[in-house]
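Visitor: This is the structure I have questions about; it appears just below.
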């Protein structure tokens, strides 16, 4: 079952989920609007090798925004630390951005119970598009889990900056 906006507020007040910083005006009927953090990272290489270490180029989004280019994947973070020891968070992009050809969280939208951090956002555009630090980028929903939860203890649940998996993790999946 999905938590309603008022229930997200209630559960946050109880300490059952985290959204920090929190602003009541960002509460929706069944979600909370998250914002884009100030730093974006993108791959330096023209060809990505899934079995090799990746180098990321980092850019602070200037006050006037930053134009994202098609053909690249950008990694950003949420402004907010988001998570829960009880509920399953799920992040999606805003439909208003999707209509502009800006896609967020297209492969990793489901969070883990016990992870609380600034989320890495996957961002791709189909045409040059200017984005701004602090802009509303998407929505997080919280879902009740059925059964005994298995808390997430992996490395991504503790990171607050956009990151890639280590090369061994991808190589092990062959």
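The values are calculated or read from the model by the stated rules, or taken from the named source; none is laboratory data. What you see is a predicted model, and the numbers here were worked out from it, not measured in a lab. Here the Cβ positions follow ideal geometry from the backbone for every residue, glycine too, while neighbour counts run over all protein chains shown.
Visitor: Condition test on residue 145, is it out of contact with any helix residue (DSSP H, G or I) (no Cβ under 9 Å at 6 or more places or on another chain), modelled with pLDDT of 65 or more and either under 19 Å from residue 33 (Cβ atoms) or surrounded by 14 or more Cβ atoms within 10 Å (Cβ to Cβ) (or both)? Outline the logic, then answer.
Guide: Details: out of contact with any helix residue (DSSP H, G or I) (no Cβ under 9 Å at 6 or more places or on another chain): yes; modelled with pLDDT of 65 or more: yes; either under 19 Å from residue 33 (Cβ atoms) or surrounded by 14 or more Cβ atoms within 10 Å (Cβ to Cβ) (or both): no.
Judged against the criteria, residue 145 is not a match.
Visitor: Given 44, 14, which one is surrounded by fewer than 17 Cβ atoms within 10 Å (Cβ to Cβ) and at pLDDT below 90?
Guide: It is 44.
Visitor: Tally up the residues in the stretch 93-134 that are touching a residue at least 60 places away in the same chain (Cβ under 8 Å) and not in a loop (DSSP other than H, G, I, E, B), please.
Guide: So the count comes out to 8.
Visitor: Right, here's the next one. Among (1) without any contact (Cβ under 8 Å) to a residue 40 or more places away in the chain; (2) more than 17 Å from residue 93 (Cα to Cα); (3) in a loop (DSSP other than H, G, I, E, B), where does residue 22 come up short?
Guide: So the condition that residue 22 fails would be (1).
Visitor: Test residue 65 against the criterion of being crowded, with 20+ Cβ neighbours inside 10 Å, over 25 Å from residue 29 (Cα atoms), out of contact with any helix residue (DSSP H, G or I) (no Cβ under 8 Å at 6 or more places or on another chain) and in contact (Cβ under 8 Å) with a residue 60 or more places away in the chain, and give yes or no.
Guide: no
Visitor: I'm told residue 114 meets every condition in (1) more than 9 Å from the chain's Cα centre (by Cα); (2) surrounded by 19 or more Cβ atoms within 10 Å (Cβ to Cβ); (3) closer than 22 Å to residue 1 by Cβ except one. Can you identify the failing condition by its number?
Guide: (2)
Visitor: When residues of the stretch 25-41 are filtered for being surrounded by fewer than 15 Cβ atoms within 10 Å (Cβ to Cβ), in contact (Cβ under 8 Å) with a residue 24 or more places away in the chain and assigned to a helix (DSSP H, G or I), how many remain?
Guide: The number of residues fulfilling the criteria is 0.
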